[in-house]
Amino acid sequence: MISIRHLSYSLGGRFLLYDIDLTLSLGSISLLQGANGAGKSTLLKAMLLPDLFPDVFLLGGRPLRHYSDCQAMRSRCGYLGHEPGLYLDLTAVQNLNFFLGLCGQKISRKALLVHLEEAGLEGTWNRPVRYFSRGMQQRLGFLRLFLCEPDFLFIDEPLNSLDRSGVSFFLNCLQRWKREDRLALLVSHSDEELLPVVDRFLFMRNGQLVADLKKEQYTAAVREKAFALIS
(Lines give C-alpha, C1' and ligand atoms only; values in the text may rest on other atoms or scores of the structure.)
Protein backbone atom coordinates (compact mmCIF):
# COMPACT_ATOMS: atom_id res chain seq x y z
CA MET A 1 0.00 0.00 0.00
CA ILE A 2 1.18 3.52 -0.89
CA SER A 3 -0.30 6.56 0.82
CA ILE A 4 0.12 10.30 0.25
CA ARG A 5 -0.88 12.84 2.86
CA HIS A 6 -1.29 16.54 1.99
CA LEU A 7 1.00 16.54 -1.06
CA SER A 8 1.42 20.00 -2.61
CA TYR A 9 3.85 21.11 -5.30
CA SER A 10 4.23 24.56 -6.83
CA LEU A 11 6.32 25.92 -9.69
CA GLY A 12 6.71 29.59 -10.56
CA GLY A 13 4.21 30.56 -7.90
CA ARG A 14 1.52 28.23 -9.30
CA PHE A 15 0.32 25.08 -7.57
CA LEU A 16 0.57 22.06 -9.88
CA LEU A 17 -0.56 19.77 -7.06
CA TYR A 18 -2.50 20.95 -4.03
CA ASP A 19 -3.25 19.06 -0.81
CA ILE A 20 -3.46 15.60 -2.40
CA ASP A 21 -4.61 12.75 -0.13
CA LEU A 22 -4.51 9.33 -1.77
CA THR A 23 -4.07 5.69 -0.79
CA LEU A 24 -3.40 2.98 -3.39
CA SER A 25 -3.88 -0.61 -2.28
CA LEU A 26 -2.21 -3.76 -3.57
CA GLY A 27 -4.34 -5.84 -5.90
CA SER A 28 -6.01 -2.76 -7.37
CA ILE A 29 -5.92 -0.74 -10.58
CA SER A 30 -6.82 2.95 -10.45
CA LEU A 31 -7.52 5.28 -13.37
CA LEU A 32 -6.69 8.99 -13.06
CA GLN A 33 -8.59 11.32 -15.41
CA GLY A 34 -8.74 15.06 -16.00
CA ALA A 35 -8.37 17.82 -18.57
CA ASN A 36 -5.00 18.87 -20.02
CA GLY A 37 -2.97 20.63 -17.34
CA ALA A 38 -4.99 19.19 -14.46
CA GLY A 39 -1.86 17.74 -12.84
CA LYS A 40 -2.27 14.06 -13.75
CA SER A 41 1.21 13.46 -15.17
CA THR A 42 2.77 15.57 -12.42
CA LEU A 43 1.15 13.40 -9.76
CA LEU A 44 2.29 10.26 -11.55
CA LYS A 45 5.90 11.49 -11.61
CA ALA A 46 5.72 12.59 -7.98
CA MET A 47 4.98 8.98 -7.06
CA LEU A 48 8.40 8.08 -8.45
CA LEU A 49 10.23 10.73 -6.41
CA PRO A 50 9.38 10.05 -2.77
CA ASP A 51 12.74 11.47 -1.65
CA LEU A 52 11.53 14.93 -2.76
CA PHE A 53 8.45 14.60 -0.54
CA PRO A 54 9.54 12.27 2.29
CA ASP A 55 7.17 13.78 4.83
CA VAL A 56 4.02 13.02 2.84
CA PHE A 57 4.65 9.46 1.61
CA LEU A 58 3.81 6.31 3.53
CA LEU A 59 4.64 2.77 2.44
CA GLY A 60 2.54 0.09 4.10
CA GLY A 61 1.39 2.71 6.61
CA ARG A 62 4.97 3.62 7.56
CA PRO A 63 6.32 7.13 6.82
CA LEU A 64 9.34 7.32 4.52
CA ARG A 65 11.53 9.18 6.94
CA HIS A 66 14.93 8.11 5.63
CA TYR A 67 16.70 8.03 2.30
CA SER A 68 16.90 4.24 2.47
CA ASP A 69 13.09 4.10 2.84
CA CYS A 70 12.66 6.21 -0.30
CA GLN A 71 15.14 4.05 -2.19
CA ALA A 72 13.25 0.93 -1.13
CA MET A 73 9.99 2.33 -2.47
CA ARG A 74 11.50 3.58 -5.73
CA SER A 75 13.11 0.19 -6.39
CA ARG A 76 9.62 -1.33 -6.36
CA CYS A 77 8.21 1.14 -8.91
CA GLY A 78 7.84 0.80 -12.68
CA TYR A 79 6.99 3.72 -14.96
CA LEU A 80 6.01 4.15 -18.59
CA GLY A 81 5.50 7.69 -19.85
CA HIS A 82 4.41 9.15 -23.18
CA GLU A 83 7.50 7.59 -24.75
CA PRO A 84 8.16 3.85 -24.23
CA GLY A 85 11.71 4.48 -22.96
CA LEU A 86 13.54 2.11 -25.29
CA TYR A 87 16.99 2.21 -26.91
CA LEU A 88 16.15 2.68 -30.57
CA ASP A 89 19.38 1.25 -31.99
CA LEU A 90 19.05 -1.97 -29.99
CA THR A 91 16.85 -4.88 -31.03
CA ALA A 92 13.80 -5.98 -29.05
CA VAL A 93 15.72 -8.80 -27.38
CA GLN A 94 18.68 -6.53 -26.59
CA ASN A 95 16.35 -3.96 -25.01
CA LEU A 96 14.66 -6.58 -22.86
CA ASN A 97 17.95 -8.14 -21.77
CA PHE A 98 19.32 -4.71 -20.83
CA PHE A 99 16.35 -3.68 -18.70
CA LEU A 100 16.02 -7.10 -17.10
CA GLY A 101 19.69 -6.85 -16.15
CA LEU A 102 19.01 -3.53 -14.42
CA CYS A 103 16.24 -5.28 -12.47
CA GLY A 104 18.60 -8.08 -11.50
CA GLN A 105 16.73 -10.62 -13.60
CA LYS A 106 17.71 -12.92 -16.43
CA ILE A 107 15.43 -14.76 -18.86
CA SER A 108 16.48 -17.23 -21.52
CA ARG A 109 16.41 -16.20 -25.15
CA LYS A 110 13.76 -18.83 -25.81
CA ALA A 111 11.51 -17.39 -23.10
CA LEU A 112 12.01 -13.86 -24.42
CA LEU A 113 10.91 -14.96 -27.89
CA VAL A 114 7.78 -16.52 -26.38
CA HIS A 115 7.00 -13.25 -24.57
CA LEU A 116 7.54 -11.26 -27.77
CA GLU A 117 5.10 -13.56 -29.53
CA GLU A 118 2.53 -13.02 -26.76
CA ALA A 119 2.93 -9.27 -27.29
CA GLY A 120 2.28 -9.63 -31.02
CA LEU A 121 5.94 -8.92 -31.85
CA GLU A 122 6.92 -12.30 -33.28
CA GLY A 123 9.50 -12.11 -36.06
CA THR A 124 10.81 -8.73 -34.88
CA TRP A 125 13.37 -9.83 -32.29
CA ASN A 126 16.46 -9.00 -34.40
CA ARG A 127 15.25 -5.65 -35.78
CA PRO A 128 16.39 -2.32 -34.28
CA VAL A 129 13.51 -0.78 -32.39
CA ARG A 130 13.73 2.46 -34.40
CA TYR A 131 12.12 0.57 -37.29
CA PHE A 132 9.13 -0.44 -35.17
CA SER A 133 5.84 1.40 -35.53
CA ARG A 134 4.80 3.55 -32.56
CA GLY A 135 2.27 0.90 -31.49
CA MET A 136 4.92 -1.84 -31.65
CA GLN A 137 7.24 0.26 -29.50
CA GLN A 138 4.42 0.72 -26.99
CA ARG A 139 3.89 -3.05 -26.81
CA LEU A 140 7.60 -3.61 -26.22
CA GLY A 141 7.57 -0.90 -23.55
CA PHE A 142 4.76 -2.74 -21.76
CA LEU A 143 6.62 -6.03 -22.05
CA ARG A 144 9.77 -4.49 -20.62
CA LEU A 145 7.78 -3.11 -17.71
CA PHE A 146 5.85 -6.29 -16.88
CA LEU A 147 8.87 -8.60 -17.17
CA CYS A 148 10.76 -6.50 -14.61
CA GLU A 149 7.88 -7.20 -12.20
CA PRO A 150 7.76 -4.04 -10.06
CA ASP A 151 5.15 -3.99 -7.31
CA PHE A 152 3.89 -0.51 -8.16
CA LEU A 153 3.10 0.36 -11.75
CA PHE A 154 2.56 3.90 -13.09
CA ILE A 155 1.61 4.39 -16.76
CA ASP A 156 0.78 7.62 -18.60
CA GLU A 157 -1.67 7.25 -21.54
CA PRO A 158 -1.16 3.47 -21.99
CA LEU A 159 -3.48 3.11 -24.99
CA ASN A 160 -1.67 5.59 -27.23
CA SER A 161 -1.11 4.16 -30.74
CA LEU A 162 -2.38 0.69 -29.82
CA ASP A 163 -4.61 -1.30 -32.15
CA ARG A 164 -7.29 -3.70 -30.87
CA SER A 165 -4.88 -6.60 -30.31
CA GLY A 166 -2.41 -4.30 -28.55
CA VAL A 167 -5.15 -3.13 -26.17
CA SER A 168 -6.08 -6.77 -25.47
CA PHE A 169 -2.44 -7.62 -24.70
CA PHE A 170 -2.20 -4.69 -22.27
CA LEU A 171 -5.46 -5.55 -20.50
CA ASN A 172 -4.42 -9.19 -20.13
CA CYS A 173 -1.14 -8.07 -18.56
CA LEU A 174 -3.03 -5.85 -16.12
CA GLN A 175 -5.37 -8.67 -15.15
CA ARG A 176 -2.37 -10.86 -14.30
CA TRP A 177 -0.85 -7.92 -12.45
CA LYS A 178 -3.88 -7.57 -10.22
CA ARG A 179 -4.06 -11.31 -9.49
CA GLU A 180 -0.44 -11.14 -8.32
CA ASP A 181 -1.46 -8.58 -5.67
CA ARG A 182 0.34 -5.59 -7.20
CA LEU A 183 -1.04 -2.11 -7.80
CA ALA A 184 -1.27 0.12 -10.86
CA LEU A 185 -2.11 3.80 -11.38
CA LEU A 186 -2.99 4.70 -14.96
CA VAL A 187 -3.50 8.12 -16.53
CA SER A 188 -5.77 8.26 -19.56
CA HIS A 189 -8.23 10.59 -21.30
CA SER A 190 -10.28 7.54 -22.29
CA ASP A 191 -11.89 5.10 -19.88
CA GLU A 192 -14.07 2.87 -22.06
CA GLU A 193 -11.46 0.27 -23.04
CA LEU A 194 -10.05 0.19 -19.50
CA LEU A 195 -13.37 -0.43 -17.76
CA PRO A 196 -12.90 -4.25 -17.56
CA VAL A 197 -9.80 -3.97 -15.36
CA VAL A 198 -10.12 -0.69 -13.41
CA ASP A 199 -11.34 -0.83 -9.78
CA ARG A 200 -11.24 2.86 -8.96
CA PHE A 201 -11.75 6.11 -10.87
CA LEU A 202 -9.98 9.31 -9.78
CA PHE A 203 -10.66 12.76 -11.23
CA MET A 204 -8.37 15.81 -11.08
CA ARG A 205 -8.96 19.50 -11.71
CA ASN A 206 -6.49 22.34 -11.17
CA GLY A 207 -4.05 20.13 -9.27
CA GLN A 208 -6.63 18.72 -6.87
CA LEU A 209 -8.44 15.39 -6.61
CA VAL A 210 -12.11 16.26 -6.95
CA ALA A 211 -13.73 12.82 -7.20
CA ASP A 212 -12.83 9.28 -6.09
CA LEU A 213 -15.22 6.54 -7.22
CA LYS A 214 -15.24 2.78 -6.78
CA LYS A 215 -16.22 0.61 -9.73
CA GLU A 216 -19.66 -0.13 -8.34
CA GLN A 217 -20.32 3.63 -8.08
CA TYR A 218 -19.24 4.32 -11.65
CA THR A 219 -22.64 4.36 -13.34
CA ALA A 220 -23.28 6.18 -16.61
CA ALA A 221 -24.97 9.06 -14.78
CA VAL A 222 -22.18 9.41 -12.20
CA ARG A 223 -19.54 9.19 -14.94
CA GLU A 224 -21.24 12.03 -16.83
CA LYS A 225 -21.31 14.22 -13.72
CA ALA A 226 -17.65 13.49 -12.98
CA PHE A 227 -16.56 14.48 -16.48
CA ALA A 228 -18.65 17.65 -16.26
CA LEU A 229 -16.84 18.47 -13.03
CA ILE A 230 -13.39 18.35 -14.65
CA SER A 231 -14.19 19.82 -18.07
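The values are calculated or read from the model by the stated rules, or taken from the named source; none is laboratory data. This structure is a prediction, so every number in the text was calculated from the model and none was measured. Cβ: placed from backbone, ideal geometry, glycine included. Neighbour counts: every protein chain shown.
Of the numbered conditions (1) closer than 30 Å to PRO196 by Cα; (2) of a type outside the set (Val, Ile, Thr); (3) more than 13 Å from the chain's Cα centre (by Cα); (4) not in a loop (DSSP other than H, G, I, E, B), ASN36 satisfies every one except a single condition; which is it?
Against the list (1) closer than 30 Å to PRO196 by Cα; (2) of a type outside the set (Val, Ile, Thr); (3) more than 13 Å from the chain's Cα centre (by Cα); (4) not in a loop (DSSP other than H, G, I, E, B), ASN36 comes up short only on (4).
Which of (1) in contact (Cβ under 8 Å) with a residue 40 or more places away in the chain; (2) more than 23 Å from LEU59 (Cβ to Cβ); (3) of a type in the set (Gly, Ala, Ser) is the odd one out, the single condition ALA184 does not satisfy?
(2)
Mind checking which residues of the range 55-75 are assigned to a loop (DSSP other than H, G, I, E, B) and exposed (fewer than 15 other Cβ atoms within 10 Å of the Cβ)?
Listed by number, the residues that qualify are ASP55, GLY60, GLY61, ARG65, HIS66, SER75.
Return the total of residues in the range 69-84 being of a type in the set (S, T, N, Q) and over 15 Å from the mean Cα position of the chain (by Cα).
1
What is the one condition in (1) surrounded by fewer than 13 Cβ atoms within 10 Å (Cβ to Cβ); (2) at negative phi; (3) not in a loop (DSSP other than H, G, I, E, B) that HIS6 does not satisfy?
Every condition holds for HIS6 apart from (2).
Which one of these is aliphatic (A, V, I, L, M) and within 30 Å of LEU11 (Cβ to Cβ): VAL187, VAL197?
Step by step, each of VAL187, VAL197 is checked, and only VAL187 is aliphatic (A, V, I, L, M) and within 30 Å of LEU11 (Cβ to Cβ).
State whether one or more residues within the range 56-79 are touching a helix residue (DSSP H, G or I) at 6+ places or on another chain (Cβ under 8 Å) and within 23 Å of ARG127 (Cβ to Cβ).
no
From GLY60, GLY78, grab the single residue that is within 26 Å of LEU174 (Cβ to Cβ) and either at pLDDT 90 or above or touching a strand residue (DSSP E or B) at 6+ places or on another chain (Cβ under 8 Å) (or both).
Only one candidate qualifies: GLY78.
For SER30, state whether it is closer than 20 Å to PRO150 by Cα, among the small types (Gly, Ala, Ser), assigned to a strand (DSSP E or B) and touching a strand residue (DSSP E or B) at 6+ places or on another chain (Cβ under 8 Å).
Against the criterion (closer than 20 Å to PRO150 by Cα, among the small types (Gly, Ala, Ser), assigned to a strand (DSSP E or B) and touching a strand residue (DSSP E or B) at 6+ places or on another chain (Cβ under 8 Å)), SER30 qualifies.
Just for helices (runs of 4 or more DSSP H) wholly inside the range 89-197: which have at least 3 residues that are crowded, with 20+ Cβ neighbours inside 10 Å and under 15 Å from the mean Cα position of the chain (by Cα)?
Because the criterion is at least 3 residues that are crowded, with 20+ Cβ neighbours inside 10 Å and under 15 Å from the mean Cα position of the chain (by Cα), the helices (runs of 4 or more DSSP H) in the range 89-197 that meet it are 134-148, 164-179.
Given the conditions (1) under 22 Å from LEU159 (Cα atoms); (2) over 14 Å from the mean Cα position of the chain (by Cα), report the number of the one that GLU216 does not fulfil.
Condition (1) is where GLU216 drops out.
If a residue must be hydrophobic (A, V, I, L, M, F, W, C), crowded, with 17+ Cβ neighbours inside 10 Å and in contact with a helix residue (DSSP H, G or I) (Cβ under 8 Å, 6 or more places away or on another chain), how many such residues does the range 23-54 contain?
So the count comes out to 6.
Quick one: which of ARG65, ARG5 is over 20 Å from GLU180 (Cβ atoms), modelled with pLDDT under 85 and of a type outside the set (Asp, Glu)?
Being over 20 Å from GLU180 (Cβ atoms), modelled with pLDDT under 85 and of a type outside the set (Asp, Glu) holds for just one of ARG65, ARG5, which is ARG65.
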